[in-house]
Amino acid sequence: MALLSLNNYQFHQRLTINPPAQGVALTGRLRVPGDKSISHRALMLGAIATGETIIEGLLLGEDPRSTAHCFRAMGAQISELNSEKIIVQGRGLGQLQEPSTVLDAGNSGTTMRLMLGLLAGQRDCLFTVTGDDSLRQRPMSRVIQPLQQMGAKIWARNNGKFAPLAVQGSQLKPIHYHSPIASAQVKSCLLLAGLTTEGDTTITEPALSRDHSERMLQAFGAKLTIDSATHSVTVHGPAHLTGQRVVVPGDISSAAFWLVAASILPGSELLVENVGINPTRTGVLEVLAQMGADITPENERLVTGEPVADLRVRSSRLRGCTFGGEIIPRLIDEIPILAVAAAFAEGTTRIEDAAELRVKESDRLAAIASELGKMGAKVTEFDDGLEIQGGIPLQGAEVDSLTDHRIAMALAIAALGSGGQTILNRAEAAAISYPEFFATLGEVAQG
Ligand code: S3P
């Protein structure tokens with residue numbers, strides 16, 4: 001029987017995963033697609049810079065496509081998307097056009113939240129913004145409120161909370177915002193809003209979130225001051241941005257699926273090439289090391305301002321661990337696959353301070369508990385975390401991605417290590433961040 005077979009079922013894809021009785025090992029080398037966060041930022045900064053931006057290695061997932069679509073609607077010239085080389089002819093800061101249609105951010109929180117920072121300061125233009133069923137339920141007040149403090153004119157559904165929303169662009173004033181959450185989307189939104197203001201806009205966050213915006217803004221010529229002791233960043237406005245060449249490294253959040261899969265499937269050895277290892281993203285490597293994973297970075301290098309390495313992973317016996325606090329923003333998107341690692345580890349794993357997972361593409365704490373639970377995992381759900389009792393063999397089951405890309409891929413990896421057949425419903429969600437995921441899985445899996 002084939003390891004993977006994909007069928008269409010009621011407008012969705014249903015993936016059947018049949019691991020052979022002797023188990024599956026993953027071997028060989030692979031490349032993961034471009035980093036999602038960096039891809040969004042390269043498109044956006046390219047669109048608002050003066051001159052030409054060249055992007056190599058862009059993620060061709062649904063999310064960056066949403067960003068490209070929105071910025072094209074505002075007059076940015078973005079060549080046809082491909083992962084080799086695309087060219088963005090920037091309009092210059094403050095020069096976006098009023099779109100004649102609704103801006104649709106699709107499933108992408110990064111598109112909507114970062115874009116709002118730019119729209120708010122775009123004088124004399126009116127914008128309407130929406131997203132898919134998931135995005136229209138995700139909190140937008142976390143960016144709307146500080147933008148309103150800067151003078152932004154934004155109206156949103158449900159008393160300022162949710163998309164669809166409308167923005168009347170206006171001249172913004174700088175503020176110092178103390179964010180209650182460590183969110184790179186909030187931080188980046190306000191940095192982008194600060195670009196057009198006269199003076200200093202500062203964002204202080206409770207813990208350091210990913211710093212791709214800071215790195216890329218500086219590379220494009222913006223003047224920033226970063227105070228790492230207080231997790232504060234200041235943009236000195238008004239800025240002038242000049243188009244650059246951006247080489248997008250592979251996404252560590254996508255690599256994480258292979259790192260865990262090869263760790264838990266005996267006899268595996270994979271080389272995951274060209275992975276971004278920005279320290280604000282490598283919490284997953286630290287937790288996997290603590291769990292006893294055998295992962296070695298090779299060929300470390302710096303590529304257009306971002307650290308990159310090849311990661312060699314060999315299977316090993318994992319043990320449970322506890323993590324929370326400051327590391328959470330540095331592994332926020334990897335918690336679904338770390339929960340799978342925990343289910344295959346000896347002992348108990350506790351994940352703390354992760355309430356943010358409740359407002360991702362799905363309520364990821366609930367999704368992990370319910371879907372891994374169907375496979376026999378012992379998962380206890382707390383308001384802001386999970387406890388997973390590892391070492392209990394999982395059994396294949398019928399599970400659902402809940403349309404969340406990272407839940408889809410995490411469940412597929414859990415299914416590879418389980419006994420019997422798994423049916424994964426709405427598997428197509430993986431295309432948000434990793435369109436080739438199942439094809440690559442078929443290539444590296446040895447029955
Ligand atoms: C992202 C920041 C994170 C992350 C998301 C991408 C970004 O969200 O979960 O997938 O590109 O800035 P938060 O800022 O909401 O934590």
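Residue by residue, here is whether (1) within 21 Å of LEU190 (Cβ to Cβ); (2) basic (Lys, Arg); (3) over 19 Å from the mean Cα position of the chain (by Cα) holds:
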{"position": "ILE48", "(1), (2), (3)": "yes, no, yes"}
{"position": "ALA68", "(1), (2), (3)": "no, no, no"}
{"position": "SER108", "(1), (2), (3)": "yes, no, no"}
{"position": "THR128", "(1), (2), (3)": "no, no, yes"}
Problem - Scan of the range 227-245 for residues that are out of contact with any Leu (no Cβ under 8 Å at 6 or more places or on another chain) and either of a type in the set (Gly, Ala, Ser) or in a strand (DSSP E or B) (or both), ordered by number - result: ASP227, ALA229, SER232, THR242, GLY243, ARG245
Practice task
Scan the range 185-200 and give yes if some residue there is in contact with a helix residue (DSSP H, G or I) (Cβ under 7 Å, 6 or more places away or on another chain) and not in a helix (DSSP H, G or I), otherwise no.
Solution key: no
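Yes/no per residue for (1) surrounded by fewer than 18 Cβ atoms within 10 Å (Cβ to Cβ); (2) at pLDDT 95 or above; (3) assigned to a helix (DSSP H, G or I); (4) within 16 Å of the ligand (Cβ to nearest atom):
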position	(1), (2), (3), (4)
LEU119	no, yes, yes, no
GLN122	no, yes, no, no
ARG142	no, yes, yes, yes
LEU147	no, yes, yes, yes
GLY151	yes, yes, no, no
SER170	yes, yes, no, no
ILE181	yes, yes, no, yes
Fill in the blank from the handout: Expected single match for over 14 Å from PRO249 (Cβ atoms) and either surrounded by fewer than 19 Cβ atoms within 10 Å (Cβ to Cβ) or without any contact (Cβ under 8 Å) to a residue 60 or more places away in the chain (or both) among GLU300, GLU286 is GLU286
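Let's see how each residue does on (1) farther than 24 Å from GLY151 by Cα; (2) open to solvent by 10 Å² or more (accessible area, probe 1.4 Å); (3) in contact with a His (Cβ under 6 Å, 6 or more places away or on another chain):
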site: ILE55; (1), (2), (3): yes, no, no
site: CYS70; (1), (2), (3): no, no, no
site: GLN95; (1), (2), (3): no, yes, no
site: MET115; (1), (2), (3): no, no, no
site: THR130; (1), (2), (3): no, yes, no
Exercise for the section: Answer with yes or no whether GLU214 is open to solvent by less than 50 Å² (accessible area, probe 1.4 Å), of a type in the set (Asp, Glu) and under 19 Å from ALA49 (Cα atoms). Expected result: yes
Fill in the blank from the handout: Checked the range 387-439 for anything surrounded by fewer than 19 Cβ atoms within 10 Å (Cβ to Cβ) and closer than 25 Å to SER316 by Cβ; matches are GLU387, GLN389, GLY391, ILE392, PRO393, GLN395, GLY419, GLY420
Exercise for the section: Say whether the condition of being over 18 Å from GLY46 (Cβ atoms) and of a type in the set (S, T, N, Q) is met by at least one residue in the range 236-244. Expected result: no
Fill in the blank from the handout: Among residues of the range 5-40 being at pLDDT below 95 and among the hydrophobic types (A, V, I, L, M, F, W, C), the residue surrounded by the most Cβ atoms within 10 Å (Cβ to Cβ) is LEU6
Problem - Leading residue by the ranking (surrounded by the most Cβ atoms within 10 Å (Cβ to Cβ)) among those in the range 101-113 that are away from the ligand (no atom under 16 Å from the Cβ) and assigned to a loop (DSSP other than H, G, I, E, B) - result: VAL102
Practice task
Confirm whether LEU365 is touching a strand residue (DSSP E or B) at 6+ places or on another chain (Cβ under 7 Å), open to solvent by less than 20 Å² (accessible area, probe 1.4 Å) and more than 16 Å from the ligand (Cβ to nearest atom).
Solution key: no
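The values are calculated or read from the model by the stated rules, or taken from the named source; none is laboratory data. Owing to the predicted nature of the structure, the values given are computational and were not obtained by experimental measurement. Positions of Cβ are backbone-derived with ideal geometry, glycine not excepted, and every protein chain shown enters the neighbour counts. Note: areas computed on protein heavy atoms with side chains; ligands, DNA, RNA excluded. Shrake-Rupley method; radii C 1.70, N 1.55, O 1.52, S 1.80 Å.
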